[in-house]
Structure formats: structure tokens, C-alpha cells
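Any read-out appearing in this document is the output of simple, stated calculations on the displayed coordinates, not a laboratory observation. This one's a predicted model, so the numbers in the text were calculated from it and none came from an experiment. Every residue, glycine among them, receives a Cβ derived from its backbone with ideal geometry; neighbour counts consider all protein chains shown.
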Amino acid sequence: MIGISACLGGVCCRYDGQAKEITALKKLVENDHAILVCPEILGGLPIPREPAEIRGGDGFDVWDGGAKVLTKTGEDMTAMFKQGAITAYQKLVEQNITMIVLKENSPSCGSKSIYDGTFSGNHQNGVGVATAYFISKGLNVVSENDWQTVVGREK
């Protein structure tokens with residue numbers, strides 16, 4: 001069994017109230033081969049919500065105190081993003097999940113790329129807040145772009 005970002009499984013939980021469904025991943029959930037988590041919702045963020053990006057680094061920098069998660073209007077959402085990561089991890093551990101497929105570019109779930117903190121649409125190499133936490137706890141993190149590499153092994 002694997003974990004999957006809820007938006008990839010068809011849940012309309014993104015900041016804009018949309019999903020980014022990948023049908024094959026949704027089917028894994030429907031067939032009890034995966035569970036869905038959304039660290040942002042688990043951290044108490046509403047749907048829809050103002051877009052947020054990491055300013056000052058990436059998710060590892062957020063945990064180290066060198067970066068923050070800010071909305072476009074400057075509201076500091078760092079604590080909610082961190083709490084959501086912790087709660088999501090606890091949910092995954094309770095289900096004995098050791099691998100998760102995450103939504104790329106997300107300030108929570110990006111595993112290779114995130115937005116650069118300027119709200120300009122530009123990306124930078126780095127990971128989201130939840131991804132950094134999951135990695136630090138030994139969870140195997142896979143990008144939505146590489147999900148095919150794990151689906152066959154985990155069913």
C-alpha cells in the first residue's frame with residue numbers, strides 16, 4: 001500500500017479548489033492499494049485558499065527556521081504547513097505506509113521542484129514542507145511524474 005497526495009487521487013483540495021487527478025492513482029485508492037493525504041488540509045487550511053509559496057529556500061529550510069511559507073499577500077502560514085506535515089505523516093505511519101506519491105511544485109508536496117516564492121510562476125529546485133518532513137522520517141517520496149515506478153511494486 002502507498003500514500004498519494006489527495007489532489008492526485010481526485011480530491012478537490014488544492015488552493016484553487018481543484019484536483020489534479022491521475023486516473024490510475026485514483027483507481028489504486030478505489031481498489032484499497034493506496035490512501036490519500038493532503039498535508040495542507042490536515043494543517044487546517046481552507047478550500048479554496050490564497051496561494052502560498054516558500055520564501056527563503058525550500059521545505060528543509062522551513063524546518064530549519066531559515067524560510068517561511070507565505071501567502072501572496074504576505075500572511076505567514078508556516079505553522080499550518082508544518083502541522084499538516086506532522087499530521088499527514090502520523091496518518092501514513094498508522095497505515096504502515098512507507099512510500100508516497102506527491103504533487104510536484106506544491107509548497108507542501110513538491111519533491112523536486114517548488115515555486116520560487118515570488119508568485120511569478122517560476123520554479124526552483126527544492127522540496128515542499130511535508131516532503132522535507134517525510135524524507136527526514138525515512139519515507140520514500142516519489143513525484144507524480146515518476147509514479148509508474150512504484151505502482152507495480154506496491155500493489
*Extension gain (nm, one decimal) between residue 76 and residue 148, 0.36 nm per residue minus Cα-Cα*: 22.4 nm
*In deg cm²/dmol, rounded to 500, what helix-only [θ] at 222 nm does the chain give when every DSSP H run of at least 4 residues adds -39500 (n - 2.57) and the total is split over its residues?*
-9000 deg cm²/dmol
*So for the pair residue 33, residue 21, with labels modelled 7 Å out along Cα→Cβ, what separation do we get in nm?*
1.8 nm
*asked:* Using +1 at the C-beta of Lys and Arg and -1 at the C-beta of Asp and Glu, which of 98, 18, 134 has the Cα lying farthest in the positive direction of the dipole of the stretch 2-154?
replied: 98
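Past 25 Å, Cα to Cα: identify those pairs from 72/137; 27/103; 26/68, in the order given.
Working: 72/137 30 Å; 27/103 17 Å; 26/68 32 Å.
Listed pairs above 25 Å: 72/137; 26/68.
Compare the peptides 64-75, 129-140, 26-37 by average per-residue count of other Cβ atoms within 10 angstrom and give them in order, highest first. All intermediate terms of the calculation are to be shown ahead of the outcome.
Values: 64-75: 14.2, 129-140: 21.4, 26-37: 17.4.
Top to bottom by mean Cβ count within 10 Å: 129-140, 26-37, 64-75.
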*asked:* Suppose R0 equals 22 Å. What FRET efficiency, 1/(1 + (r/R0)^6) with r the Cβ-Cβ distance, do residue 90 and residue 47 give to the nearest 0.05?
replied: 0.55
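Place a +1 charge on the Cβ of each Lys and Arg in the stretch 2-154 and a -1 charge on the Cβ of each Asp and Glu, then give the dipole magnitude about the Cα centre in debye, rounded to the nearest 20.
On the way: 14 positive and 18 negative charges, 24 e Å.
Once rounded to the nearest 20, the dipole reads 120 debye.
Please sort 4-14, 76-86 by packing, taking for each peptide the average over its residues of neighbouring beta carbons within 10 angstrom, highest first. The partial results should precede the final answer.
Details: 4-14: 23.5, 76-86: 19.6.
Sorting 4-14, 76-86 by mean packing, highest first, produces 4-14, 76-86.
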*residue 122 versus residue 12, label points 7 Å from Cα toward the beta carbon: distance in nm?*
3.4 nm
_Alpha-carbon centroids, the stretch 126-143 and the stretch 70-89: separation in whole Å_ = 15 Å
*Note the listed values [x] 17.0, 56; [y] 14.2, 43; [z] 17.9, 63, then indicate which one is Rg and Dmax of the Cα atoms in Å calculated from this particular structure.*
[y]
